[in-house]
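The next block holds one structure in the form of structure tokens; read it before the comments.
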Amino acid sequence: MEPTPPELSVLIPTVLRREDLRRALRSVLDNGFEGTLEIVVSDDDPAGSAGPVVEEFGDARIRYVVNPGPPGKAANWSHAAAHARGTFCTKLDDDDLVRPGYLAKTVEVLRARPEVGSVYTAYEQVNLLTETRQEVVDRGFFRARPVVAGPEYARAVLTNEGGYPINHKTTAVYRRELAERFGHYQHVCEDFAFGVALAVEGDVAYVPEVLYEYRLHGGNSVADLPGLSRNSFAALQGLESLETVPAPGRVTAAEWRGWTESCRRALPLYFLLAALRTQGSDEAQHLYIDLKMEGRLTQPKLAWGLVNVLGLLPAGLLDGSFRYYQRSRWLRGLGRRLFRGRSG
């Protein structure tokens with residue numbers, strides 16, 4: 001007889017980060033979730049280096065599997081998802097943590113609101129390089145609304161306009177059946193794209209409590225902005241290829257084309273600004289060269305001038321300028337003329 005499926009599956013893809021994995025596992029096991037739970041640890045190291053860490057816990061709720069290949073984030077995320085059996089799921093990267101109450105409070109929303117497909121919380125960003133912490137509570141997009149319509153969320157993420165959701169550093173707790181409709185991470189192996197695909201299938205809830213810890217360090221993908229940029233364009237292309245999008249009655253084909261085109265044009269500027277804000281003007285210039293070679297800049301000389309001007313601004317003024325850009329229709333129009341963001 002098949003065992004009764006758990007209510008919740010926590011997916012932890014990992015590779016060569018034993019101490020981080022140990023902390024992540026402990027944060028799940030000590031979370032206070034009273035429903036039935038399984039933790040799927042998917043090891044991207046063919047030597048199985050995470051196995052001894054799992055054995056230390058001696059907890060039957062932890063299932064350990066090794067990704068048979070090919071290696072890489074997309075394959076390992078998908079391998080973890082393929083082993084999930086829970087009604088609800090969430091992915092926890094091995095270098096992040098969930099704080100007490102995270103699992104119980106998000107699952108409680110899914111139990112009570114059948115129209116909700118995914119739930120997010122506020123989070124704390126912990127920068128291990130600068131030894132700083134910042135709590136991020138979304139008071140703009142969600143405001144006091146516990147639930148927003150899925151298409152509204154998808155549009156806000158893809159068009160990246162004023163008031164867009166800033167919860168993207170936490171992974172959703174979601175209904176597994178919805179993710180199965182688009183193949184989990186098979187086509188959309190970036191959190192923003194995965195969240196959009198979920199939002200097309202169901203509404204989105206938000207818990208404005210800091211219940212998640214996103215940890216920045218030298219090993220994060222954010223340290224490789226050119227690679228992250230390419231992955232994001234690939235994830236966007238994956239979104240466009242999904243057979244379930246647009247969802248009948250929720251998003252029209254014309255809306256979907258407009259949103260994804262807006263995202264394609266916004267991504268180059270987003271990553272250039274991210275490079276300026278986190279790594280300085282030299283890295284932003286290196287990223288500019290990559291984007292130019294990939295054909296994602298419609299007006300490369302103007303874009304180059306923009307990067308150099310923005311690079312002179314203090315961090316606070318740069319952040320304020322970006323927020324003004326998000327609110328300004330004419331500046332966003334200028335951005336569309338500067339950046340192409342081709343899909344190929």
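The values are calculated or read from the model by the stated rules, or taken from the named source; none is laboratory data. Note that the coordinates shown come from a computational prediction; the quantities given were computed from them, not determined experimentally. Note: ideal-geometry Cβ built from the backbone for every residue, glycine included; neighbour counts use all protein chains shown. Note: accessible area is taken over every heavy atom of the protein model, side chains too, but ligands, DNA and RNA are not part of it. Shrake-Rupley method; radii C 1.70, N 1.55, O 1.52, S 1.80 Å.
Full extension from residue 289 to residue 47: what is 0.36 nm times the residue separation minus their Cα-Cα distance, to one decimal in nm?
83.4 nm
Give me the percent of accessible area attributable to carbon and sulfur for the range 178-320, probe 1.4 angstrom.
Here it works out to 54 percent.
If amide hydrogens are placed 1.01 Å from N in the peptide plane, which non-local residues have theirs closer than 5 Å to the one on residue 62?
39
Using the heavy atoms of the protein chains and a 1.4 angstrom probe, tell me the accessible area per residue for the range 80-124 in square angstrom.
So the range 80-124 comes to 31 Å² accessible per residue, rounded to a whole number.
How far is the Cα center of the range 153-213 from the Cα center of the range 267-319, in Å?
When both Cα centres are located, 26 Å separates them.
How far is it, in nm, from the label point at residue 104 to the one at residue 299 when both lie 7 Å from their Cα along the line to the Cβ?
The answer from the label model is 5.6 nm.
Could you check the spin-label model distance between residue 237 and residue 111? Points 7 Å from the Cα along Cα→Cβ, value in nm.
Placing both labels 7 Å beyond Cα along the Cβ direction yields 4.3 nm.
From the backbone phi of the range 93-110, what are the Karplus-calculated ³J(HN,Hα) couplings (6.51 cos²θ - 1.76 cosθ + 1.60, θ = phi - 60°) in whole Hz, Gly and Pro given as x?
In residue order, the calculated couplings are 4, 5, 9, 10, 9, 9, 9, x, x, 4, 5, 5, 6, 6, 5, 4, 5, 5 Hz.
At what distance in nm do the modelled label points of residue 224 and residue 321 sit from each other, each positioned 7 Å from its Cα along Cα→Cβ?
2.9
Would you kindly find the accessible area of residue 33, with a 1.4 Å probe and non-protein molecules such as ligands, DNA and RNA excluded, rounding to the nearest 10 Å²?
Only protein atoms counted, so the area is about 30 Å².
Could you pull out every residue, at least 5 positions away or on a different chain, whose amide H is within less than 5 Å of the one on residue 88? Hs are placed 1.01 Å off N in the peptide plane, and Pro or chain starts have none.
Placed amide hydrogens put 8, 9, 176 under 5 Å from residue 88.
How large is ³J(HN,Hα) for each residue in the range 230-239, as worked out from phi by the Karplus curve 6.51 cos²θ - 1.76 cosθ + 1.60 (θ = phi - 60°), to whole Hz, x for Gly and Pro?
Values, residue by residue: 4, 4, 5, 5, 5, 5, 5, 5, x, 4 Hz.
When the distances between all Cα atoms of the chain are binned every 20 Å from zero, what whole-number percent does each bin get?
Distribution as computed: 30, 60, 11, 0 percent.
Which FRET efficiency value, to the nearest 0.05, do you get for residue 129 and residue 57 by plugging their Cβ-Cβ distance into 1/(1 + (r/R0)^6) with R0 = 25 Å?
0.30
5 Å is the cut-off here: which amide hydrogens, built 1.01 Å from N in the peptide plane, fall below it relative to residue 212, excluding neighbours closer than 5 in sequence?
For residue 212, whose amide H was placed from the backbone, the distant partners under 5 Å are 99, 124.
Return the sequence-ordered ³J(HN,Hα) values of the range 255-272 in whole Hz as given by the Karplus equation 6.51 cos²θ - 1.76 cosθ + 1.60 applied to θ = phi - 60°, using x for Gly and Pro.
4, 4, 4, x, 5, 5, 5, 4, 5, 4, 6, 7, 4, x, 5, 4, 6, 5
Given R₀ = 45 Å, FRET efficiency for residue 139-residue 29 by Cβ-Cβ distance, to 0.05?
After rounding to 0.05, the efficiency reads 0.90.
Please arrange 14, 252 by accessible surface area, largest first, computed with a 1.4 Å probe and ligands excluded.
Largest accessible area first, the residues go 252, 14.
How much of residue 209 can a 1.4 Å solvent probe reach, expressed as accessible area in Å² and rounded to 10?
80
For the chain, find the longest principal axis of its Cα atoms and tell me its angle to the long axis of helix 150-159, 0 to 90°, nearest 10.
40
Which angle from 0 to 90°, rounded to the nearest 10, does the C-alpha axis of helix 281-293 make with the longest principal axis of the chain?
90
Residues in the range 41-72, backbone N under 11 Å from the label point at residue 22 (7 Å along the Cα-to-beta-carbon vector): list them, ranges by number please.
So the set is 53-54, 56-57.
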